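Participant: This is the structure I have questions about; it appears just below.
The values are calculated or read from the model by the stated rules, or taken from the named source; none is laboratory data. It should be emphasised that the depicted structure is a prediction, and the values quoted were computed from it without experimental measurement. When we count neighbours, we look across all protein chains shown, and the Cβ atoms used for this are built from the backbone with ideal geometry, even at glycine.
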Amino acid sequence: MTGSDEALGQRDERLAAVFRDKPEMVIDLPEWMLPYEQADAYRRMDDLAVVEIAGRDSIAAAVRGVEEHGYGNLLPVYAYTGSEHGPWGSIPRAVEHLAERLPRVRVHPLLVIGSPGFWRAVNGRFVGDLIRLFGHYTPCTGCHLYLHAVRIPLARRIGNVSVIAGERKSHSGSVKINQVGQALEFYGRFLDSFGIRLLLPVADVADGKQIETILEMPWERGKEQPGCCLSGNYRTAAGDIAPETDDVMRYFTDFAGPATRKIVSAYLEDRVPDHEDCAAAVINDPDAEGRVR
């Protein structure tokens with residue numbers, strides 16, 4: 001084993017430990033993960049994009065993003081949530097698939113970020129209040145907002161670069177409440193309000209086989225990626241989607257959006273906020289930004 005291989009192995013072990021322990025890691029990324037000199041180098045690149053690392057859709061989105069926008073440098077970023085499970089190995093393998101698919105693009109070392117407190121404040125702590133206010137509760141909508149928003153401080157730090165994500169409006173006819181068109185538009189507007197462009201290159205790709213065509217490899221839906229303990233929670237036993245889209249959008253505009261804005265704004269001031277207080281302030285004040293009713 002060469003010194004370089006040994007260093008890469010040690011870095012992977014450290015990333016796996018972050019994935020396992022899920023510390024508060026949004027703005028205070030350790031030097032071994034993102035050295036200051038490397039962050040400065042990223043700021044000088046004019047063809048860099050942050051890439052969401054999840055399952056096959058995120059990798060296909062990165063491929064499409066390069067085809068459509070000509071990126072020569074991709075920074076893969078995995079963000080952990082409060083409800084996932086599965087082997088760490090699927091995440092670096094996804095990065096390997098991306099590098100193999102785009103041999104002429106430089107795929108930079110993987111970063112792993114996240115905040116259990118952030119995720120909990122928007123998706124778990126105030127379930128009773130959310131049901132009272134909006135008549136329903138699902139963590140999936142707030143979770144996807146979190147996954148996009150938690151990358152904002154990093155994207156700002158390295159030069160206000162765009163973020164590429166694998167959201168799709170339809171999965172071979174199956175619609176997810178957190179990926180309806182209105183939700184995707186909301187995510188885009190939210191990031192845009194912080195000066196970050198959210199690119200969703202496969203949003204209109206409905207056929208899963210087309211995703212495999214973009215990837216140029218077989219990749220079964222839902223495989224080779226972490227799972228979620230709460231997956232499908234918004235569906236009835238008959239398979240129907242329980243919340244109405246209008247109710248979900250009211251949840252975004254009247255709670256999740258303003259609460260997440262408070263949290264992200266604090267991060268951009270280089271401080272870790274009291275996530276729960278940020279969310280509670282929106283619930284408790286009917287006149288707070290976001291018009292909670």
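Participant: For Gly117, state whether it is out of contact with any strand residue (DSSP E or B) (no Cβ under 7 Å at 6 or more places or on another chain), closer than 19 Å to Ala149 by Cα and part of a loop (DSSP other than H, G, I, E, B).
Facilitator: no
Participant: Looking only at the stretch 137-164, which residues are assigned to a helix (DSSP H, G or I), of a type outside the set (Phe, Trp, Tyr) and modelled with pLDDT of 95 or more?
Facilitator: Across the stretch 137-164, the qualifying residues are Leu145, Leu147, His148, Ala149, Ile152, Pro153, Leu154, Ala155, Arg156, Arg157.
Participant: Shifting gears a bit: In the stretch 69-114, what residues are of a type outside the set (A, V, I, L, M) and assigned to a strand (DSSP E or B)?
Facilitator: Passing the criteria: Asn73, Pro76, Tyr78, Tyr80, Glu84, His85, Arg106, Gly114.
Participant: So is Val66 in a helix (DSSP H, G or I) and without any contact (Cβ under 8 Å) to a residue 40 or more places away in the chain or not?
Facilitator: Against the criterion (in a helix (DSSP H, G or I) and without any contact (Cβ under 8 Å) to a residue 40 or more places away in the chain), Val66 qualifies.
Participant: Kindly check whether there is at least one residue in the stretch 45-55 that is part of a helix (DSSP H, G or I) and either in contact (Cβ under 8 Å) with a residue 40 or more places away in the chain or out of contact with any Phe, Trp or Tyr (no Cβ under 6 Å at 6 or more places or on another chain) (or both).
Facilitator: no
Participant: Out of everything in the stretch 111-136 that is aromatic (Phe, Trp, Tyr) and at pLDDT 90 or above, what residue ends up being surrounded by the most Cβ atoms within 10 Å (Cβ to Cβ)?
Facilitator: Looking at the filtered set, the residue picked out is Phe118.
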